[in-house]
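Quick note: the coordinates plus some simple rules give every number you see, no bench work behind them. Everything quoted here is computed from the prediction, not taken from an experiment.
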Amino acid sequence: MPLVMEIEHLLGVAFAAVGPDTSQPDWPPQPDRVFSALVAAWAARGERSDERAALEWLEAQEPPKIASSVINVRPAPSSFVPPNDEVQVTVSPAWRSRQPRRFPAALPSDPTVRLVWPDADGAPLAALDALARDVAYVGHSASLTRCRFTRTDTEPEGLQRARRRVYKGRVA
């Protein structure tokens, strides 16, 4: 029975860059980015041992397939923002130097993305779902999300292969 993680972008936009020097958004969200969000939720929840075991189970699985909609890309011109390094933190923000930064955004026609693990027998569903429900964003903190893990009898249509994966030992 397939295991599905639903990620609903509550504002209808996903902010995540493929790399620091690109104007292209990272769409759909890849398993490594989603896994990082789950690990952050685990740490914020107090690093429970049963949830760590669930993350270790998840990182040992084959990469999920992804069901997502088409997107419009919002232009991402350079914005100049002050760096947050320790040297300049004591200086008034008005006097800090500025560095160029891009904030690429994907505007999906359907704000819900599904990551699907087709053969996920023995999945620790309760622990994974508890972690997912505490994921506030995936990618940039402006990408507010509602996440959950579920089981389904059928796989969604239009599944695509992930471009990046989670490797075993990543939690450690």
Given 0.36 nm per residue, what is the gain on full extension from D119 to A43 after removing their alpha carbon distance, in nm? 24.6 nm
Looking at (1) 46, 35, 30; (2) 41, 32, 27; (3) 56, 37, 25, which value of Cα extents along the principal axes in Å comes from a calculation on the structure shown? (3)
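Given the Cα-Cα distance of S97 and Y167 and 0.36 nm per residue of separation, how much length would full extension add, in nm? Let's see the in-between values first.
Values: separation 70, 0.36 × 70 = 25.20 nm, distance 3.76 nm.
Roughly 21.4 nm would be gained on extension.
Residue separation times 0.36 nm, minus the C-alpha to C-alpha distance between D153 and A136: what's the value?
Working: separation 17, 0.36 × 17 = 6.12 nm, distance 2.73 nm.
Value of the extension gain: 3.4 nm.
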